[in-house]
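Enquirer: Take this structure first; my questions come after.
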Amino acid sequence: MAAQWTPTSWRNKPILQVPTYPDATQLSSTEKQLRSLPPLVTAGEVRKLRGELAKAVTGEAFLLQGGDCAEAFAEFNTNHIRDTFKLILQMAVSMTFGAQVPIIKVGRMAGQFAKPRSSDTETKEGISLPSYRGDIVNQREFTEAARVPDPSRMLSAYHQSASSLNFVRGLASGGFANLAQIHRWNLDFTRQHQQEQYATLAEDVERAIAFMEAIGINPSSYEQFQEVDFFTSHESLLLHYEEALCREDSLDGGHYGLSGHMLWIGDRTRQADHAHVEFLRGVENPIGIKCGPTMEPDILIELLDIVNPSNEAGRVVLIARVSAQKVRDLLPSLVRKVKAEGRNVVWSCDPMHGNTETVEGYKTRHFKNIMGEIEGFFEVHDAEGTVPGGVHLELTGKDVTECLGGLQPVEPKNLGERYHTYVDPRLNATQSLEIAFLISELLSKRRRNNPLVQMAA
């Protein structure tokens, strides 16, 4: 029997990827301030997301999760938030028509400030300093003062997250998400690139809107065409922050991590007897588990036993990240084990982290490898008779040059032109939309070739 869980029980476990704060008194004071502040999201919203994710387990919905690798205080502005939100809406509309199922929209935003690092220190020109761990911990500048972990940055992260959520909620319910408007954005994309496969899908949407109007349905009169549900997510890495925003719900008595709707465990912090798994096993949020190349089937089942002992659908999202080259070799054993054990999970594909390389001195990913892992992910699930339930992307609405390839190909020589990421490279808007259209084709093909998928929908 598992030991009793409390919001603080993680403090009695070994922990990785968490900074050592030099001033314990300041850390305690910051945590106290955070505990006194309102939660960033509500327990009701979290329960709604769990209900939506339960549908993705059986293929009745599809998860689109995307956003910044790591949010930066300096990048906090209206245009950045709006453009990323707009991009995810555009992608969702494209994928909806391919899948013929609802798309669950989850942003990597309003909380994605902390990043795990492969080393505790960074060395330049013979000087070693603590690694940059995201703006919630320390600063990017390579100076001794900048790299000191500062607890007060958690308060800055909280207030930025609150402002981001307020703006996103306004966009989601204030007409910005109008279906006809999103369709016009996508039409602009298809006209720009003149790609037959994209144009066909756009025409299908246009015909659907025209049909509704012809029979007297005005999309602007129905909230379903005007508003969207949009949820937030981040890696639950900095547990001092997560604990401070954990709340007991007055309705069901459960504890919720109210720093965001969905929280995930990274590939570096998934040890069954460590602090991150301990904290997340006790909160009621949907929990993501990153499944990298070293994940073993028995270990995965052990983790599922810990975080979802009652096997509730919508509780766990398994985020596979194994690379385009290894996905067909490594993923099947995990999928088979989970299926054989009868576990209710959403399988999602992270095609970003396993395909990172260094080109011309820049950390980057190639579009062909990103798409290759997604295609392999679908192939594995088709072969195993299981459901490809989602995709997890690092992306931005900005016109960056961080990932190679795509319709407007970013070449190695272009990487330095608009390379703005603080940590990992992101897909730009054009590359992201291309991915969305291609995924819609994969989903559409799956529906055509699999009668059981059609029945589930």
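The values are calculated or read from the model by the stated rules, or taken from the named source; none is laboratory data. Keep in mind the model is a prediction, meaning the values are calculated, not measured. As a convention, Cβ positions derive from the backbone with ideal geometry for all residues, glycine included, and neighbour counts pool all protein chains shown.
Enquirer: Tally up the residues in region 128-149 that are in contact (Cβ under 8 Å) with a residue 12 or more places away in the chain and in contact with a Ser or Thr (Cβ under 9 Å, 6 or more places away or on another chain), please.
Expert: Summing the residues that are in contact (Cβ under 8 Å) with a residue 12 or more places away in the chain and in contact with a Ser or Thr (Cβ under 9 Å, 6 or more places away or on another chain) in region 128-149 gives 8.
Enquirer: Within region 78-111, how many residues turn out to be at pLDDT below 90 and outside any helix (DSSP H, G or I)?
Expert: 2
Enquirer: Return yes when residue 59 is assigned to a loop (DSSP other than H, G, I, E, B), within 23 Å of residue 315 (Cβ to Cβ) and not hydrophobic (A, V, I, L, M, F, W, C) and no when it is not.
Expert: yes
Enquirer: Next up: Does residue 282 satisfy the criteria of being under 22 Å from residue 10 (Cα atoms), at pLDDT 95 or above and either crowded, with 21+ Cβ neighbours inside 10 Å or not assigned by TED's automatic domain parsing to the domain that holds residue 432 (or both)?
Expert: Judged against the criteria, residue 282 is not a match.
Enquirer: Across region 392-428, what is the number of residues that are surrounded by fewer than 21 Cβ atoms within 10 Å (Cβ to Cβ) and hydrophobic (A, V, I, L, M, F, W, C)?
Expert: Counting residues in region 392-428 that are surrounded by fewer than 21 Cβ atoms within 10 Å (Cβ to Cβ) and hydrophobic (A, V, I, L, M, F, W, C) gives 2.
Enquirer: When you look at residue 91, is it hydrophobic (A, V, I, L, M, F, W, C), more than 16 Å from the chain's Cα centre (by Cα), under 22 Å from residue 437 (Cα atoms) and crowded, with 22+ Cβ neighbours inside 10 Å, yes or no?
Expert: So residue 91 fails the test.
Enquirer: Whether any residue in region 329-346 is surrounded by 21 or more Cβ atoms within 10 Å (Cβ to Cβ), at pLDDT 95 or above and within 18 Å of residue 50 (Cβ to Cβ) is what I want to check.
Expert: The answer is yes, given that some residue of region 329-346 is surrounded by 21 or more Cβ atoms within 10 Å (Cβ to Cβ), at pLDDT 95 or above and within 18 Å of residue 50 (Cβ to Cβ).
Enquirer: Further question on the same structure: Can you tell me how many residues within region 336-355 are more than 17 Å from the chain's Cα centre (by Cα) and not basic (Lys, Arg)?
Expert: Residues that pass the stated criteria total 5.
Enquirer: Which residues, counting only those in region 294-318, are buried (at least 16 other Cβ atoms within 10 Å of the Cβ), touching a Lys or Arg at 6+ places or on another chain (Cβ under 7 Å) and part of a loop (DSSP other than H, G, I, E, B)?
Expert: Answer for region 294-318, where residues must be buried (at least 16 other Cβ atoms within 10 Å of the Cβ), touching a Lys or Arg at 6+ places or on another chain (Cβ under 7 Å) and part of a loop (DSSP other than H, G, I, E, B): 308, 314, 315.
Enquirer: Is one or more of the residues making up region 7-18 of a type in the set (A, V, I, L, M), within 30 Å of residue 400 (Cβ to Cβ) and surrounded by fewer than 20 Cβ atoms within 10 Å (Cβ to Cβ)?
Expert: yes
Enquirer: Of the residues that sit in region 37-72 and are more than 24 Å from residue 249 (Cβ to Cβ) and in contact with a Phe, Trp or Tyr (Cβ under 8 Å, 6 or more places away or on another chain), which one is surrounded by the fewest Cβ atoms within 10 Å (Cβ to Cβ)?
Expert: So, considering only residues that are more than 24 Å from residue 249 (Cβ to Cβ) and in contact with a Phe, Trp or Tyr (Cβ under 8 Å, 6 or more places away or on another chain), the one surrounded by the fewest Cβ atoms within 10 Å (Cβ to Cβ) is 72.
Enquirer: Is it true that some residue in region 428-438 is touching an Asp or Glu at 6+ places or on another chain (Cβ under 6 Å) and of a type in the set (Phe, Trp, Tyr)?
Expert: Taking every residue of region 428-438 in turn, none turns out to be touching an Asp or Glu at 6+ places or on another chain (Cβ under 6 Å) and of a type in the set (Phe, Trp, Tyr).
Enquirer: Part of a helix (DSSP H, G or I), in contact with a Lys or Arg (Cβ under 8 Å, 6 or more places away or on another chain), touching a residue at least 40 places away in the same chain (Cβ under 8 Å) and of a type in the set (Val, Ile, Thr) - does that describe any residue in region 379-399?
Expert: Taking every residue of region 379-399 in turn, at least one turns out to be part of a helix (DSSP H, G or I), in contact with a Lys or Arg (Cβ under 8 Å, 6 or more places away or on another chain), touching a residue at least 40 places away in the same chain (Cβ under 8 Å) and of a type in the set (Val, Ile, Thr).
Enquirer: Could I ask something else about it? Could you run through region 234-293 and say how many residues are in a loop (DSSP other than H, G, I, E, B) and either touching a residue at least 24 places away in the same chain (Cβ under 8 Å) or among the basic types (Lys, Arg) (or both)?
Expert: 27
Enquirer: Quick check on this structure: which one of 30, 58, 121, 84 is within 19 Å of the chain's Cα centre (by Cα), β-branched (Val, Ile, Thr) and in the same structural domain as residue 317 (by TED's automatic domain parsing)?
Expert: Unique residue meeting the criteria: 84.
Enquirer: Same structure, new question: Touching a strand residue (DSSP E or B) at 6+ places or on another chain (Cβ under 9 Å), in the same structural domain as residue 426 (by TED's automatic domain parsing) and in contact (Cβ under 8 Å) with a residue 60 or more places away in the chain: which single residue out of 99, 72 fits that description?
Expert: Going through 99, 72 in turn, just one is touching a strand residue (DSSP E or B) at 6+ places or on another chain (Cβ under 9 Å), in the same structural domain as residue 426 (by TED's automatic domain parsing) and in contact (Cβ under 8 Å) with a residue 60 or more places away in the chain: 99.
Enquirer: Determine whether region 373-395 contains at least one residue that is touching a Ser or Thr at 6+ places or on another chain (Cβ under 6 Å), over 25 Å from residue 449 (Cα atoms) and not basic (Lys, Arg).
Expert: yes
Enquirer: Hey, among 170, 175, which residue is modelled with pLDDT of 65 or more and at positive phi?
Expert: On inspection, the qualifying residue turns out to be 175.
Enquirer: Taking the options 45, 75, 125, name whichever one is over 22 Å from residue 442 (Cβ atoms), at pLDDT 95 or above and of a type outside the set (Ser, Thr, Tyr).
Expert: The conditions single out 45.
Enquirer: Now, a different point. With within 29 Å of residue 114 (Cα to Cα), in the same structural domain as residue 67 (by TED's automatic domain parsing) and in a helix (DSSP H, G or I) as the only criterion, which of 444, 432, 440 stands out?
Expert: 432
Enquirer: Further, regarding this structure: Which of the residues that make up region 128-156 are under 14 Å from residue 72 (Cβ atoms) and either acidic (Asp, Glu) or in a loop (DSSP other than H, G, I, E, B) (or both)?
Expert: Answer for region 128-156, where residues must be under 14 Å from residue 72 (Cβ atoms) and either acidic (Asp, Glu) or in a loop (DSSP other than H, G, I, E, B) (or both): 132, 133, 134, 135, 136, 137, 138, 139, 140, 141, 146.
Enquirer: Would you pick out the residues in region 1-32 that are of a type in the set (D, E, K, R), closer than 13 Å to residue 276 by Cα and part of a loop (DSSP other than H, G, I, E, B)?
Expert: Correct list: 13 only.
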